Amino acid sequence: MNEAHTEKTPLERTVERVAHSVVSVKVFKEVKGSVHPKNPERTQESHWVPTAEGSGFFVSKDGMIVTNRHVVSGGSQDEALVVQLDSKKKLTAEVFYIDPVRDFALLKVAGTKHEPLTIGDSDKVKRGATITIAGNPLGVGGSFSQGTVTSVPDGHEQFAFRTDADIRSGSSGGVMLNAKDEVIGINTFANLDQTGSIGGAIPINEVKVIIEHPRVFQGIQALFQEIRIEREAEEPISLEKAFGFALQGLEIIFKQELSSQGREVSMKEIMADVAVQYYFSEMLKSARSSKYQEALEKKFGVSFSSTPASKK
């Protein structure tokens, strides 16, 4: 007797399509050798201990991985990152970019044949939409659950999707997918109340521009770190010189990245970017220069604030 043909469920099909793109992220810290308690003449060897874990997912063939900032926010020299793939293969990772505002970070691993997920449009997600939550906690082969979007960001008090799907411990940094298996969010938190699990995910549109141009934003971060160091020096550069340096640097960074794509970019377009506005607002806040802020806002037609709005 032939076995009856069993059609795969939507969740089974999703798992087949995306499991290889979802990873486990583990952070290890080096514990220096210490004097052996039973033999003062002997020093114990240094060893590595796990300090944090989460999930992530590939967004480029060359090894760019999205995760949460809180998973990897330590970033000290005595820490190491290990990414485990669905195949159980382990890769050393480095922190490529950590967002100063959102719970978002990019990691980088070696290789050019990774399988990235398709980025969707989180602005199109409606309350009641069916979604899939995917993570790889503990590197045990992936965790998948389905549910609905219970509420969407309103841009004022709520900045994340809420879902009744199960976001398990260790799935932070994993992915929220729509019915087409496109990325619409980054798993960020889970709260357990009397009615069950209520999880949250950052809308992918909040960070889409960073995912599309990671080296631009890595350059921005390095640039502003350099300016911050200069401003804190014994003989700090003037505010005008610092901003002039920043504007020139941003123009170079963006043009180098986008010229390869045949795109022209203006300083007004650069200054309209959410992350750029945030960095500038932080500099202005530390400098306490409302007059210079007004001049910059008028010149570029933007409004600097410490909490950037979503880029639509």
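The values are calculated or read from the model by the stated rules, or taken from the named source; none is laboratory data. All values reported here derive from a predicted model rather than from experimental measurement. Backbone-built Cβ (ideal geometry, glycine too); neighbour counts: all protein chains shown.
Within segment 136-152, work out how many residues are in contact with a Phe, Trp or Tyr (Cβ under 8 Å, 6 or more places away or on another chain) and either of a type in the set (Val, Ile, Thr) or surrounded by 20 or more Cβ atoms within 10 Å (Cβ to Cβ) (or both). If you could, list the steps in order and put the result at the bottom.
Of segment 136-152, the ones in contact with a Phe, Trp or Tyr (Cβ under 8 Å, 6 or more places away or on another chain) are 149, 151-152.
Keeping just the survivors that are either of a type in the set (Val, Ile, Thr) or surrounded by 20 or more Cβ atoms within 10 Å (Cβ to Cβ) (or both) gives 149, 152.
Qualifying residue count for the region: 2.
Identify, please: which residue in segment 167-181 is of a type outside the set (Gly, Ala, Ser), crowded, with 18+ Cβ neighbours inside 10 Å and modelled with pLDDT of 85 or more and is, among those, farthest from MET64 (Cα to Cα)?
At the first step, the residues of segment 167-181 found to be of a type outside the set (Gly, Ala, Ser) are 167-168, 175-178, 180-181.
Retained after the next criterion (residues that are crowded, with 18+ Cβ neighbours inside 10 Å): 167-168, 175-178, 181.
Subset that is modelled with pLDDT of 85 or more: 167, 175-178, 181.
Values: ILE167: 23, VAL175: 14, MET176: 18, LEU177: 18, ASN178: 21, ASP181: 19 Å.
Only one residue tops the list, namely ILE167.
May I ask you to verify whether PHE57 is touching a helix residue (DSSP H, G or I) at 6+ places or on another chain (Cβ under 7 Å) and at pLDDT 95 or above? First the steps, then the outcome.
On the way: touching a helix residue (DSSP H, G or I) at 6+ places or on another chain (Cβ under 7 Å): yes; at pLDDT 95 or above: yes.
It is true that PHE57 is touching a helix residue (DSSP H, G or I) at 6+ places or on another chain (Cβ under 7 Å) and at pLDDT 95 or above.
Being free of Cβ contacts under 8 Å to residues at least 60 places away in the same chain and touching a strand residue (DSSP E or B) at 6+ places or on another chain (Cβ under 8 Å) is the requirement here; does VAL125 meet it? Spell out how you get there, then give the answer.
Working: free of Cβ contacts under 8 Å to residues at least 60 places away in the same chain: no; touching a strand residue (DSSP E or B) at 6+ places or on another chain (Cβ under 8 Å): yes.
When the stated conditions are applied, VAL125 does not pass them.
Can you pull out the residues in segment 13-54 that are of a type in the set (A, V, I, L, M), surrounded by 11 or more Cβ atoms within 10 Å (Cβ to Cβ), assigned to a strand (DSSP E or B) and modelled with pLDDT of 80 or more?
The answer is VAL22, VAL23, VAL25, VAL27, ALA52.
Looking only at residues that are β-branched (Val, Ile, Thr), in a strand (DSSP E or B) and within 16 Å of the chain's Cα centre (by Cα) in segment 88-134, which one is surrounded by the most Cβ atoms within 10 Å (Cβ to Cβ)? Working first, answer last.
Taking segment 88-134 as the starting set, the residues that turn out to be β-branched (Val, Ile, Thr) are 92, 95, 98, 101, 109, 112, 118-119, 125, 130-133.
Still in the list and also in a strand (DSSP E or B): 92, 95, 98, 109, 119, 130-133.
If we keep only those that are within 16 Å of the chain's Cα centre (by Cα) as well, we get 95, 98, 109, 119.
Details: VAL95: 18, ILE98: 17, VAL109: 22, ILE119: 17.
Checked segment 88-134; the qualifying residue surrounded by the most Cβ atoms within 10 Å (Cβ to Cβ) is VAL109.
Quickly run through segment 101-138 and pick out the residues that are assigned by TED's automatic domain parsing to the domain that holds ASN187, modelled with pLDDT under 95 and among the hydrophobic types (A, V, I, L, M, F, W, C).
Of everything in segment 101-138, just one residue is assigned by TED's automatic domain parsing to the domain that holds ASN187, modelled with pLDDT under 95 and among the hydrophobic types (A, V, I, L, M, F, W, C), namely LEU138.
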